[in-house]
Amino acid sequence: MKSSSASAATAAGDGSGIHAHVDASTLKLAEVWGDTVDLRHLAWSVALGVAISVAAFEAGKAVLSSAVSDAAIVRAYAMLIGLGGCLAAGALSAFFFKPKRVVTDHTVGESDRQHVLKQLAEEGGGIGSIADLPPNAAAELKELGLYDLFAAYELSEQAAQAKGER
């Protein structure tokens, strides 16, 4: 668990355009299981979970002990009721303690896409040719709306090479 109390806006380093904004000036934040949480809300959630699950277990044990004579069965079913209490506590915590980030997305323009394709071509020996794609891969690119982008890039690169050879 990493703890942090700094940050204002962080951007995804993969160029996806997704930005998380957290006003951390008043929050004590930590990273738990890959998510950013407020430590105060985490503590309250844990306390709520313990209180509700133990109360559900004890209440289940008290109610079932008067109806069932076998103590092992009473304890087993009381544990199931306590587990239900854990689920209820999780739902209550999710309701009371909202996420601390706001995700925004921006539209990527044609120049950004061309720049990414150029980077891909420079890494790993090039992109290859649209004509070399298997039919299922070409169909997938068309379905995603990327086929025309790759085809246009390929044409522009061929035109640039033709100009360079003259």
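The values are calculated or read from the model by the stated rules, or taken from the named source; none is laboratory data. For clarity, every value in this text was computed on a predicted model and none was experimentally measured. We place every Cβ from the backbone using ideal geometry, glycine too, and count neighbours over all the protein chains shown.
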*asked:* Scan the range 86-98 and tell me whether some residue there is surrounded by 14 or more Cβ atoms within 10 Å (Cβ to Cβ), of a type outside the set (Val, Ile, Thr) and not in a helix (DSSP H, G or I).
replied: yes
*Give the range 131-166 a look and list any residue that's assigned to a helix (DSSP H, G or I) and surrounded by 13 or more Cβ atoms within 10 Å (Cβ to Cβ), or say none.*
138, 140, 141, 147, 149, 150, 151, 152, 153, 154, 156, 157
_Restricting to the range 106-130, and then to whatever is in a helix (DSSP H, G or I) and among the β-branched types (Val, Ile, Thr), can you tell me which residue is farthest from residue 145 (Cα to Cα)?_
116
*In the range 59-91, what count of residues is obtained for those that are touching a residue at least 24 places away in the same chain (Cβ under 8 Å) and not hydrophobic (A, V, I, L, M, F, W, C)?*
4
_Residue list for the range 94-136, filter: of a type in the set (Gly, Ala, Ser) and touching a residue at least 12 places away in the same chain (Cβ under 8 Å)_ = 121, 129
_So residue 4 passes all but one of these: (1) modelled with pLDDT under 95; (2) out of contact with any strand residue (DSSP E or B) (no Cβ under 8 Å at 6 or more places or on another chain). Which condition number does it fail?_
(2)
*In the range 81-95, what residues are touching a Phe, Trp or Tyr at 6+ places or on another chain (Cβ under 9 Å) and not hydroxyl-bearing (Ser, Thr, Tyr)?*
81, 82, 83, 85
